[in-house]
Amino acid sequence: MGEEVILLDFWPSMFRMRVRIALAEKGVKYEYRDEDLLKGGKSRYLLQVNPAHKKIPVLIHNGKPISKSSIIVQYINEVWNDKAPLLPSNPYERAQARVWTDYIDKKVYDAGRKLWTTTGEEQEAAKKDFFEIFKTLEGQLGGEPYFGEENLGYVDVYLIPYYCWFHAYETMANISMEGECPKLVAWAKRCAQKKSVSESLVDEKKISGFVLK
Amino acid sequence: MAEEVKLLKTWSSLFGLRIVWALKLKGIQFDSIDEDLTNKSPLLLQYNPVYKKVPVLVHNGKSISESLVIIEYIDETWKQNPLLSQDPYEKAMARFWAKFGDDKVLSSIWSVFINQGKEQEEALQVAMENLKLLEENLKGKKFFGGEKIGFLDLALGWLANLICVLEELSDIKIIDKERFPLLLGWMQEFSQAPLINESWPPREKLLTKFQIMRENQSL
């Protein structure tokens, strides 16, 4: 059966990187359409397929749209279930993976953003907060190579796009990711060696350039 | 092996209520522990060290937090009376609308409740746009889950009870019959369903609690 898979997104979006990694892990062929959110709003196609959120990324599979990266990645995992399982088969471990991606959703983006939107004392507090979050995540890794243990899993796919933001964080806030979270940086480099990841991550200098604008 | 299932929640917690419903619909025996969040028990701190929040499900000593994650765990562990469809697209839609309910609908309705005047009017517009999307979701269905109560009904279930409480306290109609006939119909069907009906927290207590919350917001 002919499958039609389209991904609508905006290039620096880390949320789309997750979806790209998941699709690559599963070996799914897809068409990518760039929505330039800065150039003048959303295309009619986007508004038509995603009225609820008018947000990206949106995956369109055989004409059916799905949005929100956490939901898209789980969907990809369930549909293309013949290889590279991203979630464990044990319900308790699956629940833990979902709790950690929820944690990443709730905490990481805002904490990162505060690093460049605050100064002085506020920024110092933001840095503290930021590292507390990353150290918690680092703790979750334990002694395993990936959050998914032996292989790339849901949490890895969810968190790794932030790796291309490390350079921006370090520049804007004068911090060292490797200094504070060496295990996490080692994990990130390990993930980046995988083709599905290296081909999906945006170049970190491009991100820094984008943030500095 | 005897299963040990504990649920840590608060008496009024809407998210905790979802778990009560899920467990009851599956016919699972459980112990319910109502926490006082101003004085968190060692049990709560032990089982949810990261967030220190409720609800928390403890199954044979292992804890899970985040109510929507808990419901999926329950559905995957106890297979009778399934709450989520097996179809990946249907599942994705249920998950999406559940998150939409938590992220958008709840906050927009809360805005209507705690604001006054122009801000309240604006909040009401936003809330109605969000509710319209839910109304569309109900077309041709008795419940969000179809013929039977499912994951999305449990996720949105708080609407069926809280709306009446908030409308009474703020003297403003949010879900009216002309605009939201299907939603009103669902609210009635859902709240009167046997296992759902018996679990609502006492209405008078809820009225008092939310009245206080509203007053504190305007301080």
Checklist entry - Put a dot 7 Å past each Cα toward the Cβ at B:ASN216 and B:LEU169; how far apart are the dots in nm? => result 1.0 nm
Checklist entry - Over segment B:149-219, what percent of the accessible surface lies on carbon and sulfur atoms, probe 1.4 Å? => result 52 percent
Checklist entry - With the other protein chains left in place, how much accessible area per residue, in square angstrom, belongs to the protein assembly as shown at a 1.4 angstrom probe? => result 48 Å²
Next on the checklist: Whole-Hz ³J(HN,Hα) for each residue in segment B:161-166, computed from phi via Karplus 6.51 cos²θ - 1.76 cosθ + 1.60 with θ = phi - 60°, x for glycine and proline: what do you get?
Outcome noted: 10, 5, 4, 5, 5, 5
Checklist entry - What is the local net charge at B:ILE163, summed over the other residues whose Cβ is closer than 12 Å to its Cβ (Lys, Arg +1; Asp, Glu -1)? => result -2
Item to check | Within a Gaussian network of chain B (alpha carbon springs, distance under 10 Å), most fluctuating of B:ASN39, B:ASN161, B:ASN115 | outcome: B:ASN39
Next on the checklist: Suppose every Lys and Arg Cβ carries +1 and every Asp and Glu Cβ carries -1, with no other charges. What dipole size does segment B:103-219 come out with about its Cα centre, to the nearest 20 debye?
Outcome noted: 220 debye
Item to check | segment B:136-176: GluC sites (Glu not before Pro) in DSSP loop, at most 13 other beta carbons within 10 Å | outcome: B:GLU147
Checklist outcome for this item: Rounded to the nearest 100 Å², the accessible area hidden between B and A, summed over both chains at a 1.4 Å probe radius, is 2300 Å²
Next on the checklist: Per residue of segment A:143-152, what does 6.51 cos²θ - 1.76 cosθ + 1.60 with θ = phi - 60° give for ³J(HN,Hα)? Whole Hz please, x for Gly and Pro, Karplus curve as stated.
Outcome noted: x, 7, x, 9, 5, x, 6, 6, 9, 4
Checklist entry - Averaged over A:70-78, how many beta carbons belonging to a partner chain fall within 10 Å of each residue's beta carbon? => result 4
Checklist outcome for this item: About its Cα centre, the protein assembly as shown carries a charge dipole, from +1 on Lys and Arg Cβ atoms and -1 on Asp and Glu Cβ atoms, whose size in debye to the nearest 20 is 580 debye
Checklist entry - Across peptide B:96-103, how many C-beta atoms of other chains are within 10 Å of each residue C-beta, on average? => result 3
Item to check | Residue-by-residue Karplus 3J(HN,Hα) for segment A:125-137, coefficients 6.51, -1.76, 1.60, Hz, glycine and proline x | outcome: 5, 5, 5, 4, 4, 4, 6, 4, 5, 5, 5, 4, 5
Item to check | Exposed GluC sites (Glu not before Pro) absent: longest stretch of chain A, with sites in DSSP loops and at most 13 other Cβ within 10 Å deemed exposed | outcome: A:5-149
Checklist entry - Once you average over the residues of B:44-50, how many Cβ atoms of partner chains fall within 10 Å of each Cβ? => result 1
Checklist outcome for this item: A student applying the Cα gyration tensor rule (rounded when a/c is under 1.5; otherwise prolate if a/b is larger than b/c, oblate if not) would label segment B:57-148 oblate
Checklist entry - Just going by the charge dipole of the protein assembly as shown, with Lys and Arg at +1 and Asp and Glu at -1 on Cβ, which of A:ILE6, B:LEU182, B:LEU45 is farthest out on the positive end? => result A:ILE6
Checklist entry - How big is the gap, in Å, between the Cα center of segment B:16-39 and the Cα center of segment B:185-208? => result 15 Å
Checklist entry - Around A:VAL58, which amide H atoms from residues at least 5 apart in sequence, or from another chain, sit under 5 Å from its own amide H, with H modelled in the peptide plane? => result A:LEU8
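The values are calculated or read from the model by the stated rules, or taken from the named source; none is laboratory data. Every value quoted in this text rests on a predicted model; they were computed, and no experiment measured them. Neighbour counts are summed over all protein chains in view; Cβ atoms, including those assigned to glycine, are modelled from backbone coordinates with ideal geometry. Accessible surface is based on the protein model in full, side chains and every heavy atom, while ligands, DNA and RNA are left aside. Shrake-Rupley method; radii C 1.70, N 1.55, O 1.52, S 1.80 Å.
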